[in-house]
Amino acid sequence: MYLASTDQTLVKILVAGAFGVGKTTMIDALSETVPLHTEETMTQAGALFDDLAGVGTKDTTTVAIDFGRRTLPGDLVLYLFGTPGQRRFKPLWEDISRGALGALVLVDTRRLGDSFEVIDMIEERGLRYAIAVNVFPDAPAHPTEVLREHLDLSPQTPLVTCDARDATSSIDALIALVSHLIAHSALDTAS
């Protein structure tokens, strides 16, 4: 599928989060084109680094990127880059994050502490972001205020829930991020 010849605004967005939080699944749900994945089977060697507690029967992991594309109304084309969630891929993550306008950070309430490193990297890069709590069937539900406090979020950082398997739910999370980016872009230019 080729891009239309009309004027479009192209934006690079990261879909980030800890290991096993649903980034690949979300790219699958969001992309209007066949997504690119760099999934590999997990090995015994990786078991020394990847904590499988709380991720069920996960047997593959992203070793470079996931990539998809989503067009929003107004000819806004989002290039979605799913990043690896493990610390050992930090140099690759830094390369992937160059040129990104913002990030949608997926979190899992069963393993909230795993999100801190990813959020720190995004903040160090100076990227605006939104948090999307991926609702797993066995995950505990927490009030929004508790999640905000635990994740140490500023009041203006969007916090939404989603089901990364569901396109509509994932689009809603993406729209929360894009609305946040647009609002802060307008504020930045007004200053």
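What follows draws every value from the coordinates through simple rules; no lab data is involved. Keep in mind that this is a model prediction, so the values were computed, not measured. Positions of Cβ are backbone-derived with ideal geometry, glycine not excepted, and every protein chain shown enters the neighbour counts.
Run the paramagnetic zone check for residue 154: 7 angstrom along Cα to Cβ, then residues of region 115-141 with backbone nitrogen under 16 Å.
The answer is 119-131, whose backbone nitrogens lie closer than 16 Å to the label point.
So, in nm, how far is label residue 12 from label residue 32 when the simple model puts each one 7 Å beyond its Cα toward the Cβ?
That separation, rounded to one decimal, is 2.1 nm.
Return one quarter of the surface area of the convex hull spanned by the alpha-carbon atoms of region 74-116, equal to its mean projected area, in nm².
With every direction weighted equally, the projected area is 4.1 nm².
With the Cα gyration tensor of region 110-149 in hand, give its eigenvalues times 5 under a square root as the equivalent ellipsoid semi-axes, listed largest first in whole angstrom.
21, 11, 9
Work out from phi, with θ = phi - 60° and the Karplus expression 6.51 cos²θ - 1.76 cosθ + 1.60, the ³J(HN,Hα) of each residue of region 21-27, listed in order in whole Hz, and give x for Gly and Pro.
Those phi angles translate into 8, x, 5, 4, 4, 5, 4 Hz.
If you average 1/r over all unlike Cα pairs in region 61-191 and invert the result, what Kirkwood radius do you get in angstrom?
15.6
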